[in-house]
Structure formats: C-alpha cells, structure tokens
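The values are calculated or read from the model by the stated rules, or taken from the named source; none is laboratory data. On a predicted model such as this, the values are computed, not experimentally measured, just so you know. Ideal geometry is used to build each Cβ from the backbone, glycine not excepted, and the neighbour counts take in all protein chains shown.
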Amino acid sequence: MEKREIKSFTLAELKEEMEQLGEKPFRAVQMYEWMHRKLSRGYGEMSNIPAAMKAKCGENYSYTALRTVAVQESGLDGTKKFLFALADGNVVESVWMRYKHGNSVCISSQVGCRMGCRFCASTLDGLVRNLTPAEMLDQIYAITLETGERVSNVVVMGSGEPLDNYENLLRFITLLTDENGLHVSQRNITVSTCGIVPVMRKLAEERLQITLALSLHAATDEKRRELMPIANQYTLAELMECCAYYFEQTGRRITFEYSLVRDVNDGQTDAQTLASLIRGLNCHVNLIPVNPVRERAYVQSEKRSVEAFAAFLQKRGINATVRREMGRDIDGACGQLRRRFLAEMNEG
C-alpha cells in the first residue's frame, strides 16, 4: 500500500495520526513546526523528536522533499527558474521573482497539462499526473531554502491547470496560509485558470480571499476557440457571468490574463471588443506580451501595439497594466525548461 504524505496533513490531522502511533499531541506540534516553519528536508533533521517516533513515521508516511535538478538565473533581472525532481522521477518547474513589494514564487500544480492552450509549452506532452499538496508546498519551501529569502507572494500559474487539481489545491492553500506554517496571507495568493466554469463557481462558494486570474486571451468566442480548446465547452458569456458571481461571493476582483500575439489578438478592434466584453465587471487586465514557444508559430506583439492596447483600455476606465517581463533569457515560458530537460534525457 502506498504511504500517505506526512507534509500534506493539517495540524489537526497530524495530531490524530500521532495519537494513533501512541504519541502525545505536542509531538505533532513539534513535527509540524519542523516541516512547515523550519522547512526540514527529512525526519533526520528533527533534533527534538525521539528516534523511535521518527522511525515509526518513516515506516508509515512518505516525506516529500523535492530535489533541485537545475537552476537558471536571469542576467537581466535575477529571476531564477528551478527544475525539481519528484520522488517518482517526474520533474516540475517553479520560478522565483524579486519585486520591490517582496519575493514571488510561481509554482506548478500538475506534471504537464491537458488543457491544450496553443501558446503554452506545458501542455504539449499532455497531463502526466496531479501534484499533491506537499509537492506544491515544497516548491516554495525548497526555493526559500535555496535563496535564503522569505516568499511573500505565491502564484499558482506554472505548469498545469490548478482547478483541474481542485481538492489538492484547496488543501495546499489551507497549509500555506496556516498560522503554524509559513502563514502567507490568502490575499497574497493568486490562482490561475483557463476557465472551467463549474469549478470556478465552486471556488467562489469557498469565499476565499485569494486572487483568481482568468486566462482570457481573446474577446470573441471564435478567436478564443482557436487559442484555447476549453472555449469549446464554455462561452465567454458564461465566463463573464461566472466572474461576476465570483466577485459577488468573495468581494475579490478578477484578473484577466491577456497574452498579446502579433496579428492575432492585439489590434484596435480586439481592444474595443475586450472593453465591451468586460465593461461593468470589477476587474484588472494583465496584458502579457506572449512568450515565444519553439513549437508554436506565435510572435510577440510590437511594443507600440502593446502600449496602444493598454492605453485604449485605460481611457475607457478599465484597470490595465502590461506585465513586466521577467526571466526572458532563461526559458521563460511555462514548461520550456522541463521540455528541454526531457528532450536531453531522451537523447542521452
């Protein structure tokens, strides 16, 4: 039988587990602190835990500690891209970015992705499996230890569709925001989705204070279907209604992610259509000059087109900013580093 992951337990659950092993509740508190505050890489580091208890835990539970396979550091802005090996040999990417307001980490929620978005490298080989809560958490823990700096903001926007791994995502948020752990504020967590409407509604009803970022990328159903297969299931009208519901339930404005692709979705007509589509919604538009992916033919919009698009939205009272490009010189797009690593492994 496969062992359960000890780092995926809440503190209350860990106390119950330790009680079943014949241990006192305070031992669970000590162990939880080692895992989620001191960021221990294994039972062996837990100096105030009895050897017999550590042995019992080793027999009963797996301990997630990701191994760093590669680190790329940008010569432009210091952004670091990490490739981590999981216990089963799969690899995932995470990105560490330094901003004036604090350090941000962008983590993966799945190995690969099945959503098929045309401009994303993560989805080219399909979905391998979901990440567990501990595997999501440990991307942050490993990066904190590697950089020696606290992480203030967490973005679940790396490889994978977070809402396609819903229960593990919720548990991850619970553990990350727990006052007994890293205690990251919900307001400092952003979760990205390509737009799975029923799960977005379900998330709204959790009434969390996280930011939901919707990958929009087009303002008509026809154009969105060309870029994102999920658009064949849910129309923009359904999505906009769901976004309004999300705000109604949580009081949190939606962020629309809009990747600008030259001569595809970056024209004046596109800006006009987008402005009409989102008018009246409490939202923010994050304009992203598309990160070129070798396997796709999409080209980044010219700087003047990006600026004109942003200016058009701003003049119409829509909060719009152009995302600052980070790590462009280090396999910047989601999934690129992983794909290159896997290709080199296959060639070897």
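Of the residues VAL128, VAL69, VAL105, the single one that is part of a strand (DSSP E or B), among the β-branched types (Val, Ile, Thr), closer than 20 Å to HIS36 by Cα and modelled with pLDDT of 90 or more is VAL105.
Restricting ARG340, ARG296 to residues that are more than 23 Å from ASP77 (Cβ to Cβ) and at pLDDT below 60 narrows the list to ARG296. For the range 131-165, a residue qualifies if it is assigned to a helix (DSSP H, G or I) and either acidic (Asp, Glu) or outside the structural domain of ALA204 (by TED's automatic domain parsing) (or both), and the qualifying residues are GLU135, ASP138, GLU146, ASP164.
Quick check on my filter: what residues within the range 166-208 are free of Cβ contacts under 8 Å to residues at least 40 places away in the same chain and either not assigned by TED's automatic domain parsing to the domain that holds THR123 or not in a helix (DSSP H, G or I) (or both)? Within the range 166-208, GLU179, HIS183, VAL184, SER185, ILE189, VAL191, THR193, ILE196, GLU206 meet the criteria. If we keep just the residues of the range 1-29 that are under 18 Å from GLY58 (Cβ atoms) and basic (Lys, Arg), which is modelled with the lowest pLDDT? Once the filter is applied, the top-ranked residue is LYS3.
For the range 133-149, the condition of being touching a helix residue (DSSP H, G or I) at 6+ places or on another chain (Cβ under 9 Å), surrounded by fewer than 18 Cβ atoms within 10 Å (Cβ to Cβ) and in contact (Cβ under 8 Å) with a residue 60 or more places away in the chain holds for none of the residues. If you go through the range 19-36 and keep only what is surrounded by 13 or more Cβ atoms within 10 Å (Cβ to Cβ) and basic (Lys, Arg), you end up with just ARG27. Screening the candidates GLU93, GLU59, GLU23 for the property of being farther than 20 Å from HIS183 by Cα and assigned to a loop (DSSP other than H, G, I, E, B) yields one hit, GLU23. Only one of the listed residues (LEU236, LEU281, LEU277) is of a type in the set (A, V, I, L, M, F, W, C) and closer than 26 Å to GLY126 by Cα. That residue is LEU236.
Taking the range 220-285 as the region of interest, the helices (runs of 4 or more DSSP H) fully inside it that hold 3 or more residues being more than 23 Å from ARG114 (Cα to Cα) and touching a helix residue (DSSP H, G or I) at 6+ places or on another chain (Cβ under 7 Å) are 236-250, 268-278.
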